[in-house]
Amino acid sequence: MNRYLSDAYLHTWSMIRNIGIIWVLGLAAIIYGYKKTSSAVSKKLRNYEESVFNLVDILEKRDSYTAGHTRRVAKYAMLLAKELNVSRIKKELLYRASMLHDIGKISTPDSILLKPGKLSDLEYKIIKNHVTTSYEILSKVSIYKDLAEIVRHHHEYYDGSGYPQGLKGGEIPFLSQILTVADGFDAMTTDRIYKGRKSVQQAIQEISKLSGQQFNPVIVKSAINALSNVKIDRKISQLPESDLQHERFSYFYKDNVTHAYNQRYLELLLSKQKQELNKYRHVLLIRVHNFSKYNSEHSWNKGDEKLIEIVNSLQKFEENHLVFRLFGDDFILLLKRKIDSSEREELLRKEVNGTCLYYSTRYIDLPENKLIDMEELEKIMHMPE
């Protein structure tokens, strides 16, 4: 009997051990499968999110100023979050929200988004809609629902004067308040056509001045430490670089008839863009005379056609130069090299031959590393040679 019990005990124990081994192996397989599946899902989500971030980068390239804006804002937001001892999970939320905070600008017309000047009241009202559009886009995607509210309120001001809901103080999500400071810092330290950039220290002083109004005072204190040593890329500018950007830029700065640049762009270069203007140290003024008589003899439409013909010829004269139409029948060329008198004499000979038109030219060299305004340029142009 004892032997029977002993054998039964050993048999039972063997079964329990085998079941235990099978259970452990099964559990290990489940855990492994879960981790593998979870890893695969996480990888797919990361790839999906990276694709979305890359799409945002592409959208930003509509405007040479906004290119890189979201990544800079995300970088500044992370510096602020670190200084504020924000938890890892919330930091991750803030980073993702920063990367997507302007996605709603996909619905903003180019004529407003790319406008190189102060917006009208109506234009400002339209561009403010981008936060609501961002919220609507993100709240419809399950993995972005937790970001939607953060993005929605990054233009709310601490004193309640912001938008879209006019929230104030603690009513504004804290991560949104961090994003507001990061976004504001980047706007202050980036060159705009109509407004020069601030230095890092000037931007921090401005943020400090707006403490309790636009920005949360606690975050402002952190910004002084977190952002003081930030290095700003001096190449960030709103001036066009690629052919595509030049074409979009032309919406605001080109003459409607000839598509030459207009006086506004020349004034801009002369007054604010020292680095850009230094590329063009040579100026040629061309005055076409007797255009009123030409219009009387041939019609206004024919006069416009002749203006277009003249500009087309001036644009072919040299590579990488700028052609401006001023005062109706005056033109200016900004050049990278000197041109001699024989080139000047032949410049428009073909275009005026056989007509009542004739032209005169005046050539000057701009002072290097010195900005002059339109009034000074006109004075120089009228000086005797």
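Every number in this text was worked out from the coordinates using simple rules, so none of it is lab data. Only a predicted model underlies this, so the values are computations on that prediction, with no experimental measurement involved. With ideal geometry, Cβ positions are generated from the backbone for all residues, glycine too; neighbour counts draw on all protein chains shown.
Of note:
- Estimated from the Cβ-Cβ distance and a Förster radius of 35 angstrom, the FRET efficiency linking Lys221 and Ser107 is about 0.45.
- Spin-label model distance (nm) - Phe327 vs His298, 7 Å beyond Cα toward Cβ: 2.2 nm
- 5 angstrom amide H check on Ser211, placed H, neighbours 5+ away: none
- Between Ser199 and Arg337, the simple spin-label model (points 7 angstrom out along Cα→Cβ) gives 4.0 nm.
- Nitroxide proxy distance, nm - points 7 Å out along Cα→Cβ at Arg344 and Ile308: 3.0 nm
- Per-residue extension of 0.36 nm, minus the Cα-Cα distance of Asp159 and Ser120, leaves a gain of 11.6 nm for this segment.
- Multiplying the residue separation of Phe252 and Lys140 by 0.36 nm and subtracting their alpha-carbon distance yields 36.7 nm.
- Think of each Lys and Arg Cβ as +1 and each Asp and Glu Cβ as -1; about the Cα centre, that makes the dipole of the stretch 254-382 roughly 200 debye.
- At the listed q of 0.10, 0.14 Å⁻¹, the Debye profile of the stretch 61-226, built from one uniform point per Cα, gives log10 I(q)/I(0) equal to -0.34, -0.70.
- A Förster radius of 45 Å combined with the Cβ-Cβ distance from Lys128 to His259 puts the calculated FRET efficiency at roughly 0.85.
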